[in-house]
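Chemist: Dumping the structure here so I can ask a few things about it.
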Amino acid sequence: MRSAVLGLTLLAGCLAVLPARAQDTGPQAPAQAAPAQAAPPNCEVPAYLLTSDSTLTHVADAVKSKGPLNVLVVGSRSSTILSSETSAYPAKLQAMLKEKLPEVPVTLSVELQSGKTAEDVAGNLVKFVEAKRPTLVIWQTGTVDAMRSIDPDDFRNAIDEGIAALQKAGVDVVLINLQYSPRTETMISGSPYLDSIRVVAQQHNVPLFDRFAIMRHWNEAGDFDLFSAAHGPELAKRVHGCLGRALTKFVIDAAHLSPAQQN
Amino acid sequence: MTSIADRIEGPPLADGGTKTASDTAAVTAAPAITIPAAGERELRLDLFRGLALWLIFIDHLPTNILTWFTIRNYGFSDATEIFIFISGYTAAFVYGRAMLESGFMISTARILRRVWQIYVAHVFLFTIFLAEISYVATRFENPLYSEEMGIMDFLKQPDVTIIQALLLRFRPVNMDVLPLYIVLMLFLPLILWLMKWKADVTLALSVLLYVVTWHFDLYLSAYPNGFWAFNPFAWQLLFVFGAWCALSGARRMGRILSSPVTMWIAFAYLVFAFCVTMTWHFPQLSFLMPRRLEQWMYPITKTDLDVLRFAHFLALAAITVRFLPKDWSGLKSIWLRPLILCGQHSLEIFCLGVFLAFAGHFVLAELGGGALLHFAISVAGIVIMSGMAWVISWYKHSADKSAKKKGAVGNADMAGGG
């Protein structure tokens, strides 16, 4: 024990030296990042991350009848970018859906539920649906629950009830899970919540947009460096742009729209 | 003279492992426990505990190449199971003998001293964690993760947080194993006392507690909300099972373990688990999984030590025991020496590993994590852990020995450090 403490103290000393070194390399980092920001983001998503066995029948009907396609995004703070909401993925989704489905009027609204757990949100879903009359509800959830380490069983029951209520209200549902956040991996344990979301999506036959896996793929493929601390709002905007694009493809594929119905 | 149990681990029951384990326990008549004499060390235990420590370290780092070598990617159970089982085994072995030789009071006193050491180690790690997280909180500005950064809010009320941490109710991610170990060790005197009376009944009681936990959903609450990430009511099963194996079970299970039927069941189960985990890594394959099976099987909870995980550990253990004989010459080889040394000083090396994982995270964050740096940090961590184990070993055998000619150091050493 004594010797271990000694060793750890020595290592803590090494740790203390690190910030100084980090500052040395600091000024170079933005210079390297600048050209990358100018280039258009390359954020391919492998096909298997965008396929789902489940079908969005109401969306398909709406597109077929050229009726309005109303989308409601219910999510927490990671569904927006503070002070530039128009660059966040919901806005991108709307723009791209309009582009892909020129004959269909597409509306989209966002219900931001900052700091609310799935249980808090689930109770309000029906109210939202009555107010907005959406065809499709996109429910982004899990982050708040993971941060507060809500009992995964309670979490699972909450999304289970929420989805059941939405399906009963006659709307299509897409689930979105947590962001991949390598920097907070040591502090937030996401896996029980990711698992729960996957299980419930399967049980209710609801397509799951696996934001976590997609973002991790981008990070590993080198499209985005999600680990680094030195990023302004630019990175957030580019990531959201890519998420919006992937989500558009995901929704259109899950509605099984034939190319003729698309642009 | 029975050596430290011919077989170190349990029966490879494919599914419903716990149920059958209790049946076995009920059927066999319970002889008084036999504590093997303090002969040579069971190096396989040290080897696999050392391996578990390395794997835990790698799993605590962000995903990198080495992560693909950790067993959790190829089956249901992971290094935690190995660590807790072997801890139960060695603790029962060391303190069980103490209980027979010196009585209940003395052995309890020694166990409590050990619990205190683990507690202090945990608090020490917590301070390091606080330092790291405070640093990240003040430096990290990324609008993409403004929500996730809310996790730092606990820093706004350090009075509550620190007291909850001292009560073991507030535990940051990756700091869950030691509190579990503390609780299990606290109950070790009771476990040993019961085992001295009837080992098989104790194991049956442990299985019963496990079943009751699942049935009534028992858990320990945590701060600010939630529950212990490793539920002690469920995980005690592995610890008690380890103790049971140490005290007599392993020897009596020799026949089951050497039967080819057992081996094939274990193999089949491992292959099944491997195939299932492959569908996690390659979602392209998930269409191969029958939906009914998925709905029955998932989620495989780690918190409550899912039966599938426990069975997976048993299968691994059975195969290991079968193909790695106690007297395998490789155990003495210099190549396995670092692993064995780490396993022999598990508490210190475990703490060091958690610390190094924090530090590694920190370095990656500061220098921008490339794959090469990731790899270098993992390897450096393992080298540091091995080096430290060697230094501790030197203290034990040279520095301390010359300081006091004889002492109670030797035995605690076998329980995984002094």
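Where a number appears in this text, it was derived from the coordinates with a stated rule and is not lab data. What you see is a predicted model; the values in this text were computed from it and never measured. Using ideal geometry, Cβ is built from the backbone for each residue, glycine included, and neighbour counts are taken over all protein chains shown.
Chemist: Convert 37 °C to kelvin, take the viscosity as 0.692 mPa s, use the Kirkwood radius over C-alpha pairs of region B:90-158 as Rh, and evaluate the Stokes-Einstein diffusion coefficient in µm²/s, rounded to a whole number.
Modeler: Working: Rh = 15.5 Å.
It comes out at roughly 212 µm²/s.
Chemist: Using the Cα centre of region B:17-414 as origin and beta-carbon charges of +1 (Lys, Arg) and -1 (Asp, Glu), tell me which of B:Ile162, B:Val183, B:Phe57 is placed farthest towards the positive end of the dipole.
Modeler: With unit charges placed on the Cβ atoms, the residue in question is B:Val183.
Chemist: For a quick check: sort A:Ser196, A:Ser52, B:Ser248, B:Ser221 by the number of other beta carbons within 10 angstrom, fewest at the front.
Modeler: Details: A:Ser196 26, A:Ser52 19, B:Ser248 22, B:Ser221 10.
So the residues, fewest neighbours to most, are B:Ser221, A:Ser52, B:Ser248, A:Ser196.
Chemist: For the pair B:Cys275/A:Ala221, report the inter-label distance in nm, with labels modelled 7 Å from Cα in the Cβ direction.
Modeler: So the label points at B:Cys275 and A:Ala221 sit 3.0 nm apart.
Chemist: Also, I was wondering about something else. Name the residue, out of B:Tyr219, B:Tyr89, B:Tyr181, whose mean-square fluctuation peaks in a Gaussian network model built on chain B with Cα pairs under 10 Å.
Modeler: Answer for the Gaussian network model of chain B: B:Tyr219.
Chemist: I need the P(r) histogram for region B:265-306: all alpha carbon pairs, bin width 5 Å from 0 out to the longest distance, whole percents.
Modeler: Distribution as computed: 5, 20, 24, 30, 18, 3 percent.
Chemist: Rounded to the nearest 20 debye, what is the charge dipole size of chain B about its Cα centre when +1 sits on each Lys and Arg Cβ and -1 on each Asp and Glu Cβ? It would help to have the intermediate numbers written out before the result.
Modeler: Working: 32 positive and 28 negative charges, 294 e Å.
Charge dipole, chain B, about its Cα centre: 1420 debye, nearest 20.
Chemist: Counting other beta carbons within 10 Å of each residue's own, what order do B:Tyr298, B:Tyr145 fall into, fewest first?
Modeler: Working: B:Tyr298 18, B:Tyr145 25.
Fewest-to-most ranking of B:Tyr298, B:Tyr145: B:Tyr298, B:Tyr145.
Chemist: Turning to a different aspect of this structure: Taking R0 as 51 Å, what's the FRET efficiency between B:Glu294 and B:Ser402 from their Cβ-Cβ distance, rounded to 0.05?
Modeler: Details: r = 61 Å, r/R0 = 1.20.
The computed FRET efficiency comes out at 0.25.
Chemist: What is the Cα convex hull volume of region A:54-256 when expressed per residue in Å³? It would help to have the intermediate numbers written out before the result.
Modeler: Details: hull volume 22.7 nm³, N = 203.
Taking the convex hull of the Cα positions in region A:54-256, it is 112 Å³ per residue.
Chemist: Now for a separate question. Taking only C-alpha pairs under 8 Å that are 6+ residues apart, what is the relative contact order of chain B in percent? Please list the in-between numbers first.
Modeler: Details: 530 pairs, mean separation 142.4, N = 418.
So the answer I get is 34 percent.
Chemist: Determine which lysines satisfy two conditions relative to A:Lys249: a Cα distance under 23 Å, and not lying fewer than 8 residues away in the same chain.
Modeler: A:Lys64, A:Lys66, A:Lys92, A:Lys98, A:Lys100, A:Lys237
Chemist: What residue among B:Val173, B:Val391, B:Val271 has the largest mean-square fluctuation in a Gaussian network model of chain B, using Cα springs under 10 Å?
Modeler: B:Val173
Chemist: List the longest stretch of chain B that has no exposed loop site; here a site is one of the trypsin sites (Lys or Arg not before Pro) assigned by DSSP to anything other than H, G, I, E or B, with at most 14 other Cβ within 10 Å.
Modeler: Numbers: sites that count: B:Lys404, B:Lys405, B:Lys406.
Of all site-free stretches, the longest is B:1-403.
Chemist: Same structure again: Check A:Val74: other-chain or 5+ apart residues with amide H under 5 Å from its amide H, H built from backbone geometry?
Modeler: Amide H to amide H, under 5 Å and 5 or more residues apart or across chains, A:Val74 pairs with A:Glu111, A:Ile138, A:Trp139, A:Gln140.
Chemist: Using a Gaussian network model of chain B whose springs link C-alpha atoms within less than 10 Å, name the residue from B:Gly360, B:Gly75, B:Gly150 with the highest mean-square fluctuation.
Modeler: B:Gly150
Chemist: Another question about this same structure. Eight or more residues apart or on different chains, and alpha-carbon atoms under 30 Å: count the Lys pairs in chain B matching that.
Modeler: 19
Chemist: Stretch B:Val383-B:Leu186 to full length: gain in nm at 0.36 nm per residue minus the Cα-Cα span? Show your work: numbers first, answer last.
Modeler: On the way: separation 197, 0.36 × 197 = 70.92 nm, distance 3.24 nm.
Extra length available between B:Val383 and B:Leu186 comes to 67.7 nm.
Chemist: Treat each spin label as a single point 7 Å out from the Cα along the C-beta direction, and report the B:Arg113 to B:Arg41 distance in nm.
Modeler: So the two model labels end up 2.0 nm from each other.
Chemist: Further question on the same structure: Run down the aspartates and glutamates and flag those whose C-alpha is under 19 Å from the C-alpha of A:Lys116, throwing out any fewer than 8 positions away in its chain.
Modeler: Hits, sequence-local ones excluded: A:Asp145, A:Asp151, A:Asp153, A:Asp154, A:Asp160, A:Glu161, B:Glu147, B:Glu148, B:Asp153.
Chemist: Please express the Cα-Cα pair-distance distribution P(r) of region B:17-414 as a list of whole percents, one per 10 Å bin, running from 0 to the bin with the greatest distance.
Modeler: Taking all Cα pairs of region B:17-414, the binned fractions are 4, 20, 32, 28, 13, 3, 0 percent.
Chemist: Going toward the positive end of the dipole of chain B, with +1 on Lys and Arg Cβ and -1 on Asp and Glu Cβ, which of B:Leu125, B:Pro232, B:Ile84 do you reach last?
Modeler: Final value for the positive-end residue is B:Ile84.
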